[in-house]
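Asker: The structure under discussion is supplied below as structure tokens; questions concerning it will follow.
Each value in this text was obtained by applying a stated rule to the coordinates, not by laboratory testing. Quick caveat: nothing in here was measured; it's all calculated off a predicted structure. Positions of Cβ are generated from backbone atoms using ideal geometry, with glycine treated the same way; all protein chains shown enter the neighbour counts.
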Amino acid sequence: MSQLYLEKVRDVLKNKKSSMVFNYTVPDLWNCFDYSKEKFIKTPDHELIVNPYDFFQSLIDNYLLPKKKSNIDYLQSYAKLTNRQLKQRNYLPGDWIKNSILYSTMIRTSAAWDHDRSGYLEDNNIYHMCETGSFVKMLALLPLLKKMGIDVVYMLPISLFSLKDKKGDLGSPYGVKSFTKLDPNLKDSLTDQATTVEEEFKAFVEACHILDMKVIIDIIPRTNSVDSDLIRTHPEWFYWIKASDYDNYSTPTIPGIPPTATPTLDMMEKVYAEPDTLRHINMFQYDPKTQDSELWKKVKRKKNLSKAIMEAYDLRVAPAFSDYINDPQPPWTDVTFFRMYEDFPKATRQFLDTTKRPPYILNDTIKSNMYPGETPNIELWKKLADIIPEYQRHYGIDGARIDMGHALPKELLTMIMSKARDIDSDFTFIAEELQPQNADKARENNYNLIISNGFIMEPRFFEGKLLEFMHQSIDLPLPVFAMGDTHDTPRLAAREGGTTTAKLLTILNYFMPEAVPFINSGQEVYETQPMNTGLDARDNEQFMLNQTDPYYGKLALFDKYQFHYTNPHRWELPDILDFIKPIRQKYLPQITNKKYFIPLYGKNHPNTLIGLSYFKKTKKKEHNVLIVLANSHPYEEVKRAIPIHDLRHQSQNNAMVGSLLFSTHEDPRPFTQFFDDNTLDIHLGRGEIKIIEL
């Protein structure tokens with residue numbers, strides 16, 4: 001077999017290494033692979049001064065490559081790599097994810113660090129090195145993730161994105177300019193021009209697969225940047241308005257309809273009847289090629305295509321906006337929608353004469369799952385359906401989250417999934433579905449997992465939402481993410497209860513029944529500043545940091561940002577998760593199967609008390625019961641008698657002694673706290689979680 005790309009990256013680092021003395025630092029949290037103490041100097045700020053070439057070479061040589069097996073191509077999906085053949089009942093291809101623990105990362109932020117300690121992230125520091133994250137630097141986080149039990153790395157978009165009308169310092173990775181070109185900023189300056197960004201991503205995937213970790217990407221097939229590379233070849237796939245009218249572009253306001261209303265047919269009748277809607281629709285124009293095909297042949301050859309189109313046609317791509325009616329959000333100036341159909345929605349043509357009318361963006365035309373046309377834009381659909389296969393063929397990825405997949409035409413969604421599973425029959429799909437009541441539909445569409453609404457439910461423990469979320473998600477037809485923090489939401493450590501809440505919920509999520517634990521990058525070090533304020537945000541969400549912090553007011557989704565990896569409590573959660581992961585692994589078949597789950601309730605059960613239990617039938621009855629009890633109240637302790645009669649009966653375990661395997665407040669010890677044969681005597685401190693085995 002030919003050389004691994006990981007070995008090529010290693011060789012480049014080795015060849016570039018010199019005896020030069022560097023003042024280059026990395027967080028000590030990045031050293032979970034026992035980098036030789038003789039090779040670094042530890043600073044009082046919890047950083048290590050290292051030779052960067054030697055540091056990353058040692059990581060590859062001493063941690064990653066020793067775990068590889070000979071003559072194996074690690075650039076194929078993990079399912080193919082392991083020849084996995086799962087024949088479980090009700091198993092849908094890709095259901096392996098229900099046994100996983102997932103880590104969400106935006107590479108440019110997760111692996112960012114102020115290496116020269118100048119006080120801010122630089123594109124070109126004193127060593128002519130970029131300080132935002134790269135695939136090579138992300139390798140240093142893999143030992144930390146492995147320590148925490150992570151076995152799936154989910155990456156926010158890694159494609160080339162646009163800087164036109166960008167948000168923040170850097171722009172949004174969701175403003176995709178090209179689906180299959182990688183973001184060149186994820187190329188590491190350490191390797192100079194000796195390797196490409198594509199080779200470095202391949203090395204990263206190889207490293208993950210060597211560590212028995214799967215790789216999932218994020219794709220955005222519904223939108224593209226307003227200067228998408230596809231405009232040059234297919235301007236008719238986009239919506240256009242006059243450039244001279246651009247400043248007047250706004251969504252219609254519809255009186256009598258509440259904010260963020262769903263565009264049902266009766267609502268759309270009111271939308272079309274409103275004069276402001278006609279004002280909006282009349283702004284749209286035919287695409288430049290349709291207007292003048294001969295002129296287009298000249299214009300499309302221009303390097304700055306957007307400028308050339310404005311000068312020749314007075315046209316601009318129309319920005320996208322929310323598909324909810326009367327959504328207060330302004331238009332999304334960096335992205336636009338694809339024209340999924342060549343004609344207008346069949347159901348709403350009755351409300352408007354579409355004869356000789358240019359295509360337009362409205363709540364129905366962009367909600368094509370609800371309002372399909374009759375003539376699919378089939379060439380576009382083929383292009384969108386080939387995004388994932390491109391990454392499978394070149395990088396051997398294991399799964400994908402489809403951004404706003406529920407808003408795509410069902411036929412297109414089927415095409416996307418089928419083409420991916422033709423290549424890898426065990427490819428997994430995550431649905432961006434936040435409403436648990438839509439889980440049945442997601443399963444019908446062959447998804448393996450939904451995001452759901454844990455980020456809303458879990459932090460609202462005083463209202464009983466955490467209790468409801470933990471106990472009721474088991475009735476859904478597919479797993480949900482066990483999480484309280486995403487790249488679009490407030491941080492757990494910034495919620496009520498602060499780090500106490502963040503610690504308890506992160507641990508508790510490892511034991512939520514029939515759910516997939518999800519850790520958002522930075523959560524493990526109690527990050528308080530959100531990456532974005534898109535969901536459930538409060539007015540002050542963007543300003544959680546001290547005003548003296550260089551990242552005060554910054555949002556990682558758009559700005560240069562580094563996580564606070566030198567937090568004094570930075571090792572607390574990783575060490576705890578390292579300790580509890582074998583407990584989860586031992587009871588994983590029970591945690592992921594609701595028939596082994598029994599909820600526990602105390603007398604006068606408060607909303608903040610969570611009781612989970614699992615049993616397994618064994619020939620030896622000892623140690624076949626796991627009990628997880630949590631007091632999510634961050635300010636008050638709780639004492640309760642917890643009946644376990646049903647648990648005793650189901651497990652046939654009558655032991656009056658067990659083990660306290662873990663507690664956030666005390667060391668492991670024998671457990672003997674019983675009121676009687678069928679009742680536990682439980683005392684939980686503020687924000688305490690206890691894990692007990694009988």
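Asker: From the helices alone, meaning DSSP H stretches of at least four residues, give me the mean residue ellipticity at 222 nm for the chain, per-run term -39500 (n - 2.57), in deg cm²/dmol to the nearest 500.
Answerer: -6500 deg cm²/dmol
Asker: Could you put VAL335, VAL21 in order, starting from the residue whose Cβ has the fewest other Cβ atoms within 10 Å?
Answerer: By the 10 Å Cβ count, ascending, the order reads VAL21, VAL335.
Asker: May I pose another question? Taking the Cα centroid of the stretch 302-364 and of the stretch 187-249, what is the distance between the two, rounded to the nearest whole Å?
Answerer: 22 Å
Asker: Search the structure for amide H atoms under 5 Å from the amide H of PHE518, placed 1.01 Å from N in the peptide plane, and list their residues when 5 or more places away or on another chain.
Answerer: Correct list: LEU102, ALA482.
Asker: Turning to a different aspect of this structure: Looking at the chain, what % of its DSSP beta bridges pair antiparallel, to the nearest 5?
Answerer: 65 percent
Asker: To continue, here is another question. Over the alpha-carbon set of the stretch 587-693, divide Rg by the Kirkwood Rh and report the Rg/Rh ratio to two decimals.
Answerer: 0.94
Asker: Under a point spin-label approximation (7 Å from Cα along Cα-to-Cβ), what is the GLU468-LYS181 distance to one decimal in nm?
Answerer: With each label placed 7 Å out from Cα toward Cβ, I get 4.7 nm.
Asker: Could I ask something else about it? Starting at the first residue of the stretch 368-373, write each ³J(HN,Hα) from the Karplus equation 6.51 cos²θ - 1.76 cosθ + 1.60 with θ = phi - 60°, in whole Hz, x for Gly and Pro.
Answerer: 6, 5, 8, 10, x, x
Asker: I've got another one for you. Starting from the exponent 0.38 and prefactor 2.2 Å, build the expected Rg for the chain from its residue count and divide its actual Cα Rg by it.
Answerer: Output field value: 1.01.
Asker: Classify the stretch 276-421 from the C-alpha gyration tensor, please: rounded if a/c falls under 1.5, else prolate or oblate depending on whether a/b exceeds b/c.
Answerer: Oblate, because a/c is 1.5 or more while a/b does not exceed b/c.
Asker: Another question about this same structure. Evaluate the stretch 338-494: find the radius of gyration of its Cα atoms, find its Kirkwood radius, and give the ratio Rg to Rh.
Answerer: Dividing the radius of gyration by the Kirkwood radius yields 1.05.
Asker: Just list whichever of LYS346/LYS383; LYS616/LYS639; LYS177/LYS302; LYS98/LYS581; LYS98/LYS177; LYS147/LYS202 have alpha carbons separated by over 21 Å in the model shown.
Answerer: Over 21 Å apart, Cα to Cα: LYS346/LYS383; LYS616/LYS639; LYS98/LYS177; LYS147/LYS202.
Asker: Could you give me the ³J(HN,Hα) list for the stretch 96-103, computed from phi with Karplus coefficients 6.51, -1.76, 1.60 and θ = phi - 60°, whole Hz, x at Gly and Pro?
Answerer: With the stated coefficients, the stretch 96-103 comes to 4, 5, 5, 9, 9, 10, 10, 10 Hz.
Asker: Further question on the same structure: Quick one: which residues, 5 or more positions from SER159 or on another chain, have an amide H under 5 Å from its amide H? H modelled 1.01 Å from N in the peptide plane, none for Pro or chain starts.
Answerer: ASP183
Asker: For the stretch 151-167 and the stretch 655-686, what is the separation of their Cα centres, given in Å?
Answerer: 46 Å
Asker: How big is the gap, in Å, between the Cα center of the stretch 517-532 and the Cα center of the stretch 1-22?
Answerer: One Cα centre to the other: 32 Å.
Asker: A further question follows. So how tilted is helix 5-16 from the main axis of the chain? Cα-based, degrees 0 to 90, rounded to 10.
Answerer: Helix 5-16 sits at roughly 90 degrees to that axis.
Asker: Cut-off under 13 Å on the C-alpha distance; same-chain residues fewer than 8 positions from LYS167 excluded. Which aspartates and glutamates are left, in chain and number order?
Answerer: Once the sequence-local aspartates and glutamates are set aside, what remains near LYS167 is ASP334, ASP559.
Asker: List, largest first, the extents of the alpha carbons of the stretch 137-182 along their principal axes, each in whole Å.
Answerer: That gives 40, 23, 15 Å along the principal axes, largest extent first.
Asker: Here's a follow-up. Show the residues, 5+ positions off or on another chain, whose built amide H is closer than 5 Å to the amide H of LEU315.
Answerer: ALA243, MET310
Asker: By counting other Cβ atoms within 10 Å of each Cβ, how are ARG648, ARG222 ranked from fewest to most?
Answerer: Final ranking by Cβ density, sparse to dense: ARG648, ARG222.
Asker: What are the ³J(HN,Hα) couplings of the stretch 539-555, residue after residue, when phi is run through the Karplus curve with 6.51, -1.76, 1.60 and θ = phi - 60°? Round to Hz, x for glycine and proline.
Answerer: Along the stretch 539-555, the couplings run 4, 9, 4, 6, 10, 7, 7, 4, 4, 7, 5, x, 10, 4, x, 8, 10 Hz.
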